[in-house]
1. So if I check each of 52, 65, which one is in contact with a helix residue (DSSP H, G or I) (Cβ under 8 Å, 6 or more places away or on another chain) and without any contact (Cβ under 8 Å) to a residue 40 or more places away in the chain?
2. Among 109, 72, 45, 4, which is the only one that is in contact with a Phe, Trp or Tyr (Cβ under 7 Å, 6 or more places away or on another chain) and closer than 22 Å to residue 121 by Cβ?
3. Are any residues in segment 79-105 under 18 Å from residue 56 (Cα atoms) and open to solvent by 60 Å² or more (accessible area, probe 1.4 Å), and if so, which ones?
4. Residues being within 20 Å of residue 55 (Cβ to Cβ) and more than 9 Å from the chain's Cα centre (by Cα): count how many of those fall in segment 19-40.
5. Can you find a residue that is open to solvent by 60 Å² or more (accessible area, probe 1.4 Å), more than 12 Å from residue 112 (Cβ to Cβ) and assigned to a strand (DSSP E or B) anywhere in segment 26-42?
6. Note down all Cβ pairs under 8 Å where the first residue falls in segment 106-125 and is closer than 14 Å to residue 24 by Cα and open to solvent by less than 20 Å² (accessible area, probe 1.4 Å), the second is part of a helix (DSSP H, G or I) and among the hydrophobic types (A, V, I, L, M, F, W, C), and they're at least six residues apart or on different chains.
7. Can you confirm whether segment 62-73 contains a residue that is part of a loop (DSSP other than H, G, I, E, B) and among the acidic types (Asp, Glu)?
Amino acid sequence: MSAPEELRYTEEHEWVATREETLVRIGITEYAQDQLGDVVFVDLPEVGRQVSAGDVFGEVESTKSVSELFAPVDGEIVAVNDSVADSPELINSDPYGEGWLIEIRLDDPAGLEALLEAEAYDALIKG
């Protein structure tokens, strides 16, 4: 399992995909969903909420545990994936596609520079 090259990552196992210069889509990595097991519930925030990097914005509940979700960047939540709220198993079946969680309009695109590139994330999970 290797991390897609075009994404950025956090040490908390979230991925960040740049959609536009100031818009990113966020989800949890394949590694994270594999560690969680079968995802049975997702709690996502309201659209319009401001978050700072490191803020808890929701949680994912699986048959094994409950894990908090952390904002990887500063900005405003402009979209949530209602499909995941209705069908949390999308996180297991397609973590980098249909299993995305939220979209954030960035306060500052330079915040992405603090995130891990795929090679560094792969090294992290291989420990």
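The values are calculated or read from the model by the stated rules, or taken from the named source; none is laboratory data. As the structure is a computational prediction, the values presented were derived from the model and not from experiment. Because the Cβ atoms are built from the backbone with ideal geometry, glycine has one as well, and the counts that use them run over all protein chains shown. To get the accessible areas, we keep the full protein, side chains included, count just its heavy atoms, and leave off ligands, DNA and RNA. Shrake-Rupley method; radii C 1.70, N 1.55, O 1.52, S 1.80 Å.
1. 65
2. 4
3. Across segment 79-105, the qualifying residue is only 105.
4. Within segment 19-40, residues that are within 20 Å of residue 55 (Cβ to Cβ) and more than 9 Å from the chain's Cα centre (by Cα) number 4.
5. Yes - at least one qualifying residue is present in segment 26-42.
6. Pairs that qualify, where the first residue is closer than 14 Å to residue 24 by Cα and open to solvent by less than 20 Å² (accessible area, probe 1.4 Å) and the partner is part of a helix (DSSP H, G or I) and among the hydrophobic types (A, V, I, L, M, F, W, C), are 106/112.
7. no
Residue-by-condition table, conditions (1) at pLDDT 95 or above; (2) surrounded by fewer than 16 Cβ atoms within 10 Å (Cβ to Cβ):
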| position | (1), (2) |
| --- | --- |
| 4 | yes, yes |
| 52 | yes, yes |
| 60 | yes, no |
| 63 | no, yes |
| 77 | yes, no |
